[in-house]
């Protein structure tokens, strides 16, 4: 989690320096979701992620250099600079920058696993904002009808770009999934240990072949939507900095371990940045 | 055998030959077998891989994309081509993006079959030929069914390549007999197959050798069938000789056969059932005018339907859609 945090903070800094082109969407504050889910996945499983995909990708692959090079637009990037921040492909992982459409794509991968007769799980990460897209509900219906081995992880970070959930979403979030008979596990937490236990149970349930499930995590995005586009109340943001995943889990570590981890992260990250900068 | 049965036979063969082939679509399962009966019997023979779906075109296309990314060969049926609009995001921002934006690390060979076209009185939202909106989408092949192309050859090509394809089937072709060229003829017309390497063949049809033709006519699908009837009648009754060029793939186009014909005749008429303007014919006019400017005896004439809704009333529909009379008038004008 510390590495994901520092990786994205570094990205934002590199943008400010003018070292990066285009745009990026940081998951700062949501790192626990990525780590909790991916640690239960194994070879053969597949993750479909969205525009805010760095945390998911790093937790899945650890390939920081490939991602940094990709965001820098280098030939050595995971997609040779074609995809950039939002469009990543690596074994067992894909992401796309359009809301909603990745959900049926992940369901199709789940259907392939079902036809193959294996026990692999297809995971798709969406956000509260994605719930505005109709194709999500088309897919939930079909995934439920066909009992597809699909786990939808909905990270409700309470803001869709600049619009709060209250202005975006009528009714109850969990009830939207439950309407299709899809079991929903709802949790309001930034605690990676708690989330990991729950994610492990949900993934095991999907793997057992009982059909799709939804893991609905209420969390918070601490930074702007992409770059310097944040009009949210400062006091709200400040309050969430007190309960963000690194603070919550950090309390479990003693000072020596924390400093060691921080040092290791900084060393590894500087090496990634230096190596990526030097690439053609 | 009629086209719908040939296509059914083709799909049955594909399902039998390759366990990666999966069919998805609305009402495609038995006993109904699809709105146009193209999939009749297939869900009985292959229950796991032929699935009827809810009315959810976006998810049909999106699940097909996921299957394709995972190595399957999905074939999605769109009951009426008008509903292709509900798949547009999947086609443009997902299916045709993945291979290139992932730097060739993935392929997404989805085949979308759509029943298109009018002349059946189905009205404004069940009669359109919307393929022009898909022409020019990068990394998408658009192929049109015709009576002169064996669907087995066409689907063998689709299934052997990794690119996504939109296959448009004009619904008036379903009850027609497929008339493939045999011994250089289709009925009383001289027929030849003209193909550039790696491309599906373009069929050229004429009553007399092309050297004696004064007009080239470029058409696909059902309009190609109408155009063939027109050029035959004009040849027999009035000695107006035209060569008809019928591609299977309409985007990206293999222009070489068109150039070979127009180089001889110096005149080109294009025919399509879609709405006039920003169309397949406009592109043909642009390309052929650039490439053969010095050889054209007159501007390229684009025949297309009126840019308005397609009325339900039989007579009003006939006023809007391209039919034999408009094709004949254009050929006469070009030959004059």
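Only the coordinates and a few stated rules stand behind these numbers; no lab work does. Everything numeric in this text was worked out from a predicted model, so none of it was measured. In this analysis, Cβ positions are derived from the backbone assuming ideal geometry, glycine residues included, and neighbour counts consider all displayed protein chains.
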What ranking do A:241, A:159, B:280, A:146 get, fewest neighbouring Cβ atoms within 10 angstrom at the top?
-> A:241, A:146, A:159, B:280
Dividing the helical contributions, -39500 (n - 2.57) per DSSP H run of n ≥ 4, by the residues of chain B yields a 222 nm value, nearest 500 deg cm²/dmol, of -9500 deg cm²/dmol
For the protein assembly as shown, radius of gyration divided by Kirkwood radius, i.e. Rg to Rh on alpha-carbons = 1.05
Averaging sequence separations of C-alpha pairs under 8 Å and six or more residues apart, then dividing by the length of region A:2-274, give the relative contact order as a whole percent.
-> 23 percent
If each Cα of region A:121-280 is one equal point scatterer, what is log10 of I(q)/I(0) from the Debye formula at q = 0.10, 0.14, 0.15 Å⁻¹?
-> -0.51, -0.90, -0.98
Among A:46, A:249, A:87, which one shows the biggest mean-square fluctuation in a GNM of chain A, springs joining Cα atoms closer than 10 Å?
-> A:249
Take every Cα-Cα pair in region A:2-274 and report what % of them are more than 26 Å apart.
-> 40 percent
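Cα convex hull of region A:1-140: mean projected area in nm², to one decimal?
So the mean shadow area of the Cα hull is 8.5 nm².
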Give me the angle, in degrees from 0 to 90, between the Cα long axis of helix A:134-145 and the longest principal axis of the Cα atoms of chain A, rounded to the nearest 10.
-> 50 degrees
Nearest 10, in degrees from 0 to 90: the angle of helix B:3-17 to the longest Cα principal axis of chain B is 40 degrees
Once the principal axes of the Cα atoms of region B:185-335 are found, what is the range along each, listed largest first in whole angstroms?
-> 42, 34, 29
Where is the GNM fluctuation largest for chain A (alpha-carbon springs, 10 angstrom cutoff): A:104, A:245, A:212?
-> A:104
Which whole-angstrom value gives the distance between the alpha carbon centres of region A:30-77 and region B:218-285?
-> 51 Å
Relative contact order for chain B: what is it in percent, counting Cα pairs under 8 Å that are at least 6 residues apart?
-> 15 percent
Gap separating the Cα centres of region B:76-118 and region A:172-190, nearest whole Å = 31 Å
Using a simple spin-label model with points 7 Å from Cα along the Cα→Cβ vector, what separation in nm is obtained for residue A:9 and residue B:329?
-> 7.4 nm
GNM flexibility winner over chain A from A:162, A:122, A:196 (Cα, springs under 10 Å) = A:162
Rg (one decimal) and Dmax (whole number) from the Cα set of chain B, in Å, equal 19.6, 58
Expressed as an acute angle from 0 to 90° and rounded to the nearest 10, what is the orientation of the C-alpha long axis of helix A:2-17 relative to the principal long axis of chain A?
-> 60 degrees
When the Cα centres of region B:302-335 and region A:212-280 are compared, how far apart do they sit, in Å?
-> 63 Å
Expressed as a whole-number percentage, the relative contact order of region B:3-173 with C-alpha contacts under 8 angstrom and at least six residues apart is 21 percent
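Rounded to whole Å and ordered largest first, report the semi-axes of the equivalent ellipsoid of region B:249-293 derived from its Cα gyration tensor (root of 5λ).
Taking √(5λ) for each Cα gyration eigenvalue gives 18, 11, 10 Å.
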Any idea what the alpha-carbon Rg over 2.2 N^0.38 Å comes to for region B:3-173?
-> 0.95
